[in-house]
Amino acid sequence: MPDTELPAITIPSHMLPADGRFGSGPSKVRTIDSLVAAAKGPLGTSHRQAPVKSLVGRLRSGLGELFRLPDGYEVALGNGGTTAFWDIATFCLIGQQSQHLSFGEFSSKFAAAAKGAPWLSAPDVIESPVGSHPSAEGRPGVDLYALTHNETSTGVMMEIRRPDSADPGALVAVDATSAAAGLRVDASQFDVYYFAPQKGFASDGGLWLALLSPAAVARVESIKASGRFVPAFLDLSIAIENSRLDQTYNTPAIATLLLAVEQLEWILGNGGMEFSAGRCDRSAEILYGWAESTAYASPFVAKPDERSHVVATVDFEERVNAAHVANVLRANRIVDTEPYRKLGRNQLRIAMFPAIEPDDISALTGCIDYVVSALS
Ligand SMILES: *Cc1c(COP(=O)(O)O)cnc(C)c1O
């Protein structure tokens, strides 16, 4: 049946979630109170002056607290989001050869960036089928291991651990764009943990943030000293220098900073990582529990401990058209439950970031059941 001929289905209002945003990024912004309060400054004021610098300072110190960063780790930031950070890492963090775990759209992209860099050796890429993740394998010559804490395109999460028998001094760099703040991580297991704030930090896009170990900072310095050409915009040493002054190399979106600080301090004020990851755990329990007990639905990811607690993917039996369900949900203001476009499965993808209420996940499952029975 063409989408245009879908029957008009109105979900009873008492069944609707309080907030209908379940997208995997940009994702639900919990509140814009900080923006309203900042309408006459720091919004619209210089990022080189104290009001904006103090915002950057709160972001940097708050992230240190949230992730319990060991002494010597530091927080850097700059413009361009995670995609820019892949290029930054290709220029400034990979010495000669990287290893990439490639198990979906996002993790494959950093591998592609490294592959295209003529100053590096061909990367070692370990793949696994979508819906699973491979494991890192310590190999001589690999000086950076590229992991992805949560593969947003497939809803697979993996534990972050340094690979056994890696060369001494090899770095572990983790794409945590959708994981950060929602999944627990031990900072001693990574050298670089990078993300953008439009997912777990309930903010807007365009910024990258990176937690850096002393070994990562030393790598940046030694590559710089080696004379490798690095465009200034992608030069991590310039970003680190600016970050130490609570600034960015060029002008940041102040609204993005404000929203990220608001979400970070909300998490910290409620108990930190246990609070935020605990909310995601609860949402995941509700959603996967429903999928497993529903005849027409099942979790896409086979292994329970690889099922993401921040982005769930749920397959539907053929008799239920997931795209139709997503369309009807959208008409009822429940948005962005469509699957990742390139995965091409009959499924829904549902974000469960810290900002999303577990009760709303519960309401969503009721709405999906309602729509499916109305469509059949
Ligand atoms: C969203 C996402 C990205 C891309 O982030 P941008 O800020 O849009 O560049 C990269 N990696 C993962 C795991 C993501 O979820």
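The values are calculated or read from the model by the stated rules, or taken from the named source; none is laboratory data. On a predicted model such as this, the values are computed, not experimentally measured, just so you know. Don't worry about glycine lacking a Cβ; one is built from the backbone with ideal geometry, like all the others, and counts go over all protein chains shown. Protein only, heavy atoms only, side chains kept; ligands, DNA and RNA dropped before computing areas. Shrake-Rupley method; radii C 1.70, N 1.55, O 1.52, S 1.80 Å.
A single entry from PRO42, PRO26, PRO7 fulfils the requirement of being closer than 29 Å to SER362 by Cβ, modelled with pLDDT of 95 or more and not in a helix (DSSP H, G or I): PRO26.
Test ARG184 against the stated conditions and say whether it is touching a residue at least 40 places away in the same chain (Cβ under 8 Å), under 20 Å from the mean Cα position of the chain (by Cα) and surrounded by fewer than 21 Cβ atoms within 10 Å (Cβ to Cβ). Against the criterion (touching a residue at least 40 places away in the same chain (Cβ under 8 Å), under 20 Å from the mean Cα position of the chain (by Cα) and surrounded by fewer than 21 Cβ atoms within 10 Å (Cβ to Cβ)), ARG184 qualifies. Being open to solvent by 30 Å² or more (accessible area, probe 1.4 Å) and within 30 Å of LEU364 (Cα to Cα) is a property that holds for LEU16. Among the residues of the range 19-60, those that are away from the ligand (no atom under 16 Å from the Cβ), among the basic types (Lys, Arg) and within 19 Å of GLU265 (Cα to Cα) comprise ARG30, LYS53, ARG58, ARG60. Selection over the range 223-253 of residues that are without any contact (Cβ under 8 Å) to a residue 60 or more places away in the chain and in a helix (DSSP H, G or I) gives a count of 4. Of the residues examined, ASP191 is not one that is within 30 Å of GLY23 (Cβ to Cβ) and at pLDDT 95 or above. Against the numbered list (1) within 15 Å of the ligand (Cβ to nearest atom); (2) on the phi < 0 side of the Ramachandran plot; (3) touching a Pro at 6+ places or on another chain (Cβ under 9 Å), GLY206 comes up short only at (2).
One residue is enough: does the range 131-145 have a residue meeting the conditions among the aliphatic types (A, V, I, L, M), under 19 Å from LEU264 (Cβ atoms) and not in a loop (DSSP other than H, G, I, E, B)? Taking every residue of the range 131-145 in turn, none turns out to be among the aliphatic types (A, V, I, L, M), under 19 Å from LEU264 (Cβ atoms) and not in a loop (DSSP other than H, G, I, E, B). Selection of first residues in the range 307-320 that are within 16 Å of the ligand (Cβ to nearest atom) and of second residues that are of a type in the set (Phe, Trp, Tyr) and open to solvent by less than 10 Å² (accessible area, probe 1.4 Å), restricted to Cβ pairs under 6 Å at least 6 apart or on distinct chains, gives the following pairs, ordered by first then second residue: VAL310/PHE353. When each of ALA166, ALA187, ALA173, ALA113 is tested for being within 13 Å of the ligand (Cβ to nearest atom), touching a strand residue (DSSP E or B) at 6+ places or on another chain (Cβ under 9 Å) and among the small types (Gly, Ala, Ser), the lone residue that passes is ALA173.
Within the range 261-280, how many residues are out of contact with any Asp or Glu (no Cβ under 9 Å at 6 or more places or on another chain), assigned to a helix (DSSP H, G or I) and open to solvent by 30 Å² or more (accessible area, probe 1.4 Å)? Of the residues in that region, 5 qualify. Summed over the range 127-153, residues that are surrounded by 23 or more Cβ atoms within 10 Å (Cβ to Cβ), of a type in the set (A, V, I, L, M) and within 16 Å of the ligand (Cβ to nearest atom) total 2.
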